[in-house]
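The values are calculated or read from the model by the stated rules, or taken from the named source; none is laboratory data. If you're wondering where the values come from, they're calculated on a predicted model, not measured in any experiment. No Cβ is skipped: glycine too gets one built from the backbone with ideal geometry, and neighbour counts run over all protein chains shown.
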Amino acid sequence: MALFDLKILNSAFDELQTERGISRESVIEALATALAAAYRREYGKRGQIVRATFNPENGDMEFRQAKIVVDETLVRREDEEATGDADHRSRFNPEQHIMIEDARRIKRDAALDEEISFPLETREDFGRIAAQAAKQVIMQKIREAERASIIAEYGERESSIITGHVQRFERGNLYVDLGRATAILPYDEQIPGERYRQGERVRALLLRVDEGVRGTFIRLSRSHPRFLTKLFEAEVPEMASGVVEVKAIVREPGSRAKIAVRSIDEHVDPVGALVGQRGVRVAVVTSELGGEKIDVIEWSENPTDFVKEALKPAQILSIELIEAENRAIVQVAEDQQSLAIGRGGQNVRLAARLTGWKIDIRSMGGEQVAGADTAGPEVVAVEETADAHMEISPDGSIKSDDAFGQVKADIAGDDNGAADTGETTSDPQSQNRDVVSENANEETDKDSTEEPDEVEVGKE
């Protein structure tokens, strides 16, 4: 009676190869290793090395004992004692070792550390304990083969977009079912504010495949800048073909991103290629990122032009580069200050990280309005006038001190403040004037300091 039902066995080989991606040869090798382990446990001797082969076509099995070729430099005789602590030779075991002179009687060209095998009696009856040991060996070998298959498959897809379904949540981490494997989307790799439901389809960047003691870990990311690049490659044929390439990219996930691109073909507009007709292409990417705003700018080798592009949509008057300090002093009009700085200093912060220059924003009068360095999301202290101070905190909020609050109060309720800014306060009550007297003398007082058009309106 055959030990295996070959029909069922071959069906199992095919199923493992189809569903788990484990090759037929790997399973046959695992089965042979399990048979050798069962033989050694049931019939083998201490230290004996057993090798087995299995033919899935006819079910034939062959068992052989392997011995390692050694000499006096590798082992010591059974009756020989160790010469000292420096003697690392193992004791000779006749079931495991064969001396080189004996090996060359069997095989003329035998060499040290080579294995020479001898046939063993074929057995097909194994006890329960031996069969259980064989089962454990087969399961272990199948897991190892499956792990190697997963690493080979997903290792080739690193830095590419992968699609899966939400499996479960655990301590803020999201586990995604990829089919053959389960990946993890850590909390710090998720886009802030995004919420997922179980079974929902999710796309992410396959960041890394790690092999650990407890299995294979596939790490995903939706906050990595490369994820944005891959999304554009899927939507923009010019990027997929290499005509348009990304030179620099920075992100504050879920909020805003800046991407600098250039074209190797002068007839192709890199910014227009990414934006698409009526913004269709960039809108698809923005939708995938949950409404994250994306600024597409043209990369330039000229630092002045690059900084100017990076600060868009603000209009820049002039840029002064201090190369010794790696600092750029940018002058803007007063009505462009808020655009250049951005909400919470975000625009100037991202521009600094994108270009690699420390950027100081100054108003048209020469006052420093905002500044940002390239160290990260933090923005340096921001000054408006000698008496007014504004600081952008690391979390992006703008906080004011007492001096800045006093300046705002002076502008709101003092004539001199309005005069300094060139404004005219037309409310007589806010200027503590006698309203009744002025109405009575309105027509007779012709040398008033008000403008002629305002006097004519009062007469009417």
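The table below gives the values:
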{"quantity": "Of all residues in the stretch 179-198 being among the small types (Gly, Ala, Ser) and modelled with pLDDT under 90, the one that is nearest to Ser255 (Cα to Cα)", "calculated": "Gly193"}
{"quantity": "Selection from the stretch 7-27 of residues that are surrounded by fewer than 16 Cβ atoms within 10 Å (Cβ to Cβ) and aliphatic (A, V, I, L, M)", "calculated": "Ile8, Ala12"}
{"quantity": "Residue satisfying condition, being over 30 Å from Ala30 (Cα atoms) and either touching a helix residue (DSSP H, G or I) at 6+ places or on another chain (Cβ under 9 Å) or at pLDDT 85 or above (or both), within set His97, His165, His88", "calculated": "His165"}
{"quantity": "Number of the exception - Ile151 against (1) farther than 30 Å from Ala32 by Cβ; (2) in contact with a strand residue (DSSP E or B) (Cβ under 9 Å, 6 or more places away or on another chain); (3) not hydroxyl-bearing (Ser, Thr, Tyr)", "calculated": "(1)"}
{"quantity": "Of the criteria (1) on the phi < 0 side of the Ramachandran plot; (2) touching a helix residue (DSSP H, G or I) at 6+ places or on another chain (Cβ under 9 Å), which one Ser241 fails", "calculated": "(2)"}
{"quantity": "Hits in the stretch 221-247 (condition: of a type in the set (A, V, I, L, M) and crowded, with 19+ Cβ neighbours inside 10 Å)", "calculated": "Leu228, Leu231, Val236, Met239, Val244, Val246"}
{"quantity": "Unique match (being closer than 21 Å to Ile162 by Cα and either surrounded by fewer than 19 Cβ atoms within 10 Å (Cβ to Cβ) or modelled with pLDDT of 90 or more (or both)) among Val209, Val202, Val250", "calculated": "Val202"}
{"quantity": "Residue match in the stretch 98-117 (condition: free of Cβ contacts under 8 Å to residues at least 60 places away in the same chain, more than 53 Å from the chain's Cα centre (by Cα) and assigned to a strand (DSSP E or B))", "calculated": "yes"}
{"quantity": "Residue check for Thr83: modelled with pLDDT of 80 or more, of a type in the set (Ser, Thr, Tyr) and exposed (fewer than 14 other Cβ atoms within 10 Å of the Cβ)", "calculated": "no"}
{"quantity": "Those residues of the stretch 141-190 which are part of a loop (DSSP other than H, G, I, E, B) and either surrounded by fewer than 17 Cβ atoms within 10 Å (Cβ to Cβ) or hydroxyl-bearing (Ser, Thr, Tyr) (or both), in sequence order", "calculated": "Glu156, Arg157, Glu158, Ser159, Ser160, Arg171, Gly172, Gly179, Arg180, Pro186"}
{"quantity": "Val271 being of a type in the set (A, V, I, L, M, F, W, C), more than 18 Å from the chain's Cα centre (by Cα) and either more than 23 Å from Ile150 (Cα to Cα) or surrounded by fewer than 20 Cβ atoms within 10 Å (Cβ to Cβ) (or both)", "calculated": "yes"}
{"quantity": "Those residues of the stretch 281-301 which are in contact with a strand residue (DSSP E or B) (Cβ under 9 Å, 6 or more places away or on another chain) and small (Gly, Ala, Ser), in sequence order", "calculated": "Ser300"}
{"quantity": "Boolean, Arg349 is assigned to a helix (DSSP H, G or I), touching a residue at least 24 places away in the same chain (Cβ under 8 Å) and either closer than 21 Å to Ser223 by Cα or polar (S, T, N, Q) (or both)", "calculated": "yes"}
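This table checks each residue for (1) under 30 Å from Leu206 (Cα atoms); (2) polar (S, T, N, Q).
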| site | (1), (2) |
| --- | --- |
| Ala52 | no, no |
| Glu80 | no, no |
| Gln136 | no, yes |
| Ser149 | yes, yes |
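Conditions tested, residue by residue: (1) of a type outside the set (Asp, Glu); (2) assigned by TED's automatic domain parsing to the domain that holds Val166.
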residue: Gln190; (1), (2): yes, yes
residue: Gly199; (1), (2): yes, yes
residue: Val202; (1), (2): yes, yes
residue: Arg208; (1), (2): yes, yes
residue: Glu211; (1), (2): no, yes
residue: Gly215; (1), (2): yes, yes
residue: Lys230; (1), (2): yes, no
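Conditions (1) under 21 Å from Pro94 (Cα atoms); (2) part of a helix (DSSP H, G or I), marked per residue:
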site: Glu15; (1), (2): no, yes
site: Ile22; (1), (2): no, no
site: Glu25; (1), (2): no, yes
site: Lys45; (1), (2): yes, no
site: Ala52; (1), (2): yes, no
site: Pro56; (1), (2): no, no
site: Glu62; (1), (2): no, no
site: Gln65; (1), (2): yes, no
